[in-house]
Each structure stands twice: as C-alpha cells, then as structure tokens.
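What follows is a single structure, written as structure tokens, with notes after it.
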Amino acid sequence: QSALTQPPSASGSPGQSVTISCDGTSNDVGAYNFVSWYQQHPGKAPKLIISEVSKRPSGVPDRFSGSKSGNTASLTVSGLQAEDEADYYCSSYAGNNLVFGGGTKVTVL
Amino acid sequence: EVQLVESGGGLVKPGESLRLSCAYSGFRFGVLWMTWVRQAPGKGLEWVGRIRDKPTRGTTDYAAPVKGRFTISVDESKNTLYLQMSRLNVDDTGIYYCTTYTSGACLLWGQGTLVTVSS
C-alpha cells in the first residue's frame, strides 16, 4: 500500500482538462511544500513535471499545473493532448524519507 | 549536459548480493543530493534511499524495507554512485533508477537497470 493515495485512473477527451488528486497526511503533504509530480510513458523512465507543489521545470508545458490544499495535492492537465496519455505519480518529502503515490493512469479518449 | 547511466542489474537468487552503479556526468557530486528509486514490475515507484551533498557530510537515509541491507555510496574519482544490495529477496525485484534530488524532487532520472531476484 502506497503512502500517498491517488485514483488508479482518469480520462478526458482531447482539449479537455483532467485533475488528479494525491491524498497524504499531516506528516507529508500537509507538512511540507515539497510535493512533486512525475509523468511516465510505457517503458520509459519517469520525468519530473512539477516540483515544490506548483513549479514547472524548464521545458514542461504550462498545460500542467499543481496545487495543494491541506493534506491533498492536485495535478491538472489542461488542453489534453494525445501525448499526455501516461502514468502520473505524486511524491512528497516526509522528513527523512520520500513517499510516492500509487500512480494514476491517464487515458486520452 | 547532466546525464545518469545505471548498470549492474541482473538475475540473482534470494539471499545473494548485487551492486548497482550509476555513472553521472555534467555535475560534481556534492552539489546535489542523489537518490535511488525502484519500480516493481507493473507497479508504482518506491523510494529506496538517498545520499546527501557534501555540506551535509554525504550522509544517507533508507526506506524501511531496505534499511540494514542496502548501502548507498559515491566514488567521486569515478563519478559513480553505487547501491550495494545484500540479502536480496523476491520483493526487491524491479527496475532501479538513480536520480538527482533537490527540494523534495527527483530532478533527472537515469534509464534504469533491472534486478530480478528468483530461485
């Protein structure tokens, strides 16, 4: 069982938006503004798309945005494109360790 | 260009040991923390452990399932990060990735190396 809880799947049509939740606790997501999101395509290594709750690394489209409220973080993908179909994982700093969510498979219909 | 290349994976029997390597380039160790993250077949990501940068004396932290069995170290003369794994069991099977790490985020990932523990 993963430390952070994500829905197993989400979907949307091209051009629509999809939001993925990441539920943690007051010891991880709620305690630190160090929530990250990763995108992983099949057979590939994960790629960082959001750090520190809402910061986008260079080269990541602004269609990806992150937020946090209390013990729950969220990733929103706006204007869905075919290449956004992938697995998405959240993670949070938790003191002396790093915890991940179980992952959400996003399908572009 | 910052690059990470893992190697050393393979098939081992339960109870055996294995050492993974991660050759890094484009930066000096001590500037960034580094981590190991693994992914069991068809499963999600799991943090294995990390090594801090030089200002924090290169100390290490490990996830509970591997603490006491796995050791992370660096050979700066070879620009290589290591993960020494001992007393391996079937639950350690998966792809092992090394990453750079700062502010709670795994910035850059290697391509991964597959470890299979099976009798």
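The values are calculated or read from the model by the stated rules, or taken from the named source; none is laboratory data. No experiment lies behind these values; they were computed from the predicted model shown. Cβ: placed from backbone, ideal geometry, glycine included. Neighbour counts: every protein chain shown. Heads up: the accessible areas ignore ligands, DNA and RNA and are worked out on the full protein's heavy atoms, side chains in. Shrake-Rupley method; radii C 1.70, N 1.55, O 1.52, S 1.80 Å.
Quick one: buried accessible area between A and B, total over both chains, 1.4 angstrom probe, nearest 100 Å²? Could the numbers behind the result be given before it?
Details: alone 5650 and 6220 Å², together 10400 Å².
The buried area between A and B, both sides summed, comes to about 1500 Å².
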Worksheet entry | Probe 1.4 Å, accessible area per residue of the protein assembly as shown, Å² | 46 Å²
Item to complete: Sort all Cα-Cα distances of chain B into consecutive 5 angstrom bins from zero, then give the percent of pairs in each bin up to the one containing the longest distance.
Response: 2, 12, 24, 26, 19, 10, 5, 1, 0
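How much net charge surrounds A:Asp84 when only the other residues with a Cβ under 15 Å from the Cβ of A:Asp84 are counted, with Lys and Arg +1 and Asp and Glu -1? Provide the component values of the computation, followed by the final result.
Values: positive: A:Lys44, A:Lys47, A:Arg56, A:Arg63, A:Lys105; negative: A:Asp62, A:Glu83, A:Glu85, A:Asp87.
Value of the local net charge: +1.
Probe radius 1.4 Å, ligands and nucleic acids ignored: give me the carbon and sulfur share of the accessible area of the stretch B:68-119 as a rounded percent. Please list the in-between numbers first.
Numbers: 990 of 2070 Å².
About 48 percent, which is the carbon plus sulfur part of the accessible surface.
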Response to the item:
With a Förster distance of 22 angstrom and the Cβ-Cβ distance between B:Thr59 and A:Thr5, calculated FRET efficiency to the nearest 0.05 equals 0.15
Discussion item. Using each residue's phi in the stretch A:39-48, evaluate 6.51 cos²θ - 1.76 cosθ + 1.60 at θ = phi - 60° and report the 3J(HN,Hα) Karplus result to the nearest Hz, with x for Gly and Pro.
Written reply: 10, 9, 8, x, x, 10, 6, x, 10, 6
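At 1.4 Å probe size, put B:Ser86, B:Ser17 in order of accessible surface, largest to smallest. Intermediate values should be presented prior to the final figure.
On the way: B:Ser86 30, B:Ser17 65 Å².
So the residues, ranked largest to smallest area, are B:Ser17, B:Ser86.
Which links in A:Lys47/B:Lys13; A:Lys44/A:Lys105; A:Lys47/B:Lys43; A:Lys44/A:Lys68; A:Lys68/B:Lys43; A:Lys68/A:Lys105 stretch past 23 Å when you go from one Cα to the other?
Working: A:Lys47/B:Lys13 31 Å; A:Lys44/A:Lys105 14 Å; A:Lys47/B:Lys43 16 Å; A:Lys44/A:Lys68 27 Å; A:Lys68/B:Lys43 25 Å; A:Lys68/A:Lys105 20 Å.
From the list (A:Lys47/B:Lys13; A:Lys44/A:Lys105; A:Lys47/B:Lys43; A:Lys44/A:Lys68; A:Lys68/B:Lys43; A:Lys68/A:Lys105), the Cα-Cα distance tops 23 Å for A:Lys47/B:Lys13; A:Lys44/A:Lys68; A:Lys68/B:Lys43.
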Worksheet entry | q = 0.11, 0.13, 0.18, 0.19 Å⁻¹, chain A: log10 I(q)/I(0) [Debye, one scatterer per Cα] | -0.30, -0.42, -0.80, -0.89
Response to the item:
Highest GNM mean-square fluctuation among A:Ser69, A:Ser54, A:Ser92, for chain A with Cα springs under 10 Å, belongs to A:Ser69
Practice prompt. Heavy atoms only, probe 1.4 Å: what % of the accessible area of chain A goes to carbon and sulfur, would you let me know?
Written response: 44 percent
Worksheet item: Using unit Cβ charges (K, R positive; D, E negative) and no other charged atoms, how large, in debye to the nearest 20, is the dipole of chain B about its Cα centre?
Response: 260 debye
